Amino acid sequence: TYLSSCREPENSHLLLIDCGVPFRYSERHIQSALLVNITDRLSRKRLISRGLKQFLDQQQLTRLHESQIIVLYD
């Protein structure tokens, strides 16, 4: 219930990040979720060592900084 209320337009402090395969994302994903392609081993190691910011563009970084709750899912 809490996460659902965070997705309301007036409560835009929830950021959903899809870490799955881009092909699957193009077929079906949660509305408003961002795609971060970390499906291979190298990308996962880079995520761990350098952080999420390496994978986001400027607009996505802005959303990240404005968010209070971040959910990564695959």
Taking the residues in the stretch 26-66 that are of a type in the set (Ser, Thr, Tyr) and over 11 Å from the mean Cα position of the chain (by Cα) as candidates, determine which candidate is modelled with the lowest pLDDT.
Thr39
Looking at the stretch 21-69 only, could you name the residues that are among the acidic types (Asp, Glu) and open to solvent by 90 Å² or more (accessible area, probe 1.4 Å)?
Glu27, Glu66
Restricting to helices (runs of 4 or more DSSP H) lying wholly in the stretch 7-74: which have 2 or more residues that are of a type in the set (Phe, Trp, Tyr)?
22-27
What pairs can you find where one residue is in the stretch 25-46 and farther than 16 Å from Gln60 by Cβ, the other is open to solvent by 100 Å² or more (accessible area, probe 1.4 Å) and of a type outside the set (Gly, Ala, Ser), and their Cβ atoms are less than 8 Å apart, with a gap of 6+ or different chains?
Arg46/Gln54
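The values are calculated or read from the model by the stated rules, or taken from the named source; none is laboratory data. The model shown is predicted, which means the values in this text are computed figures rather than measured ones. Neighbour counts run over all protein chains shown; Cβ positions are idealised from the backbone, glycine included. Accessible surface areas use protein heavy atoms only, side chains included; no ligands, DNA or RNA. Shrake-Rupley method; radii C 1.70, N 1.55, O 1.52, S 1.80 Å.
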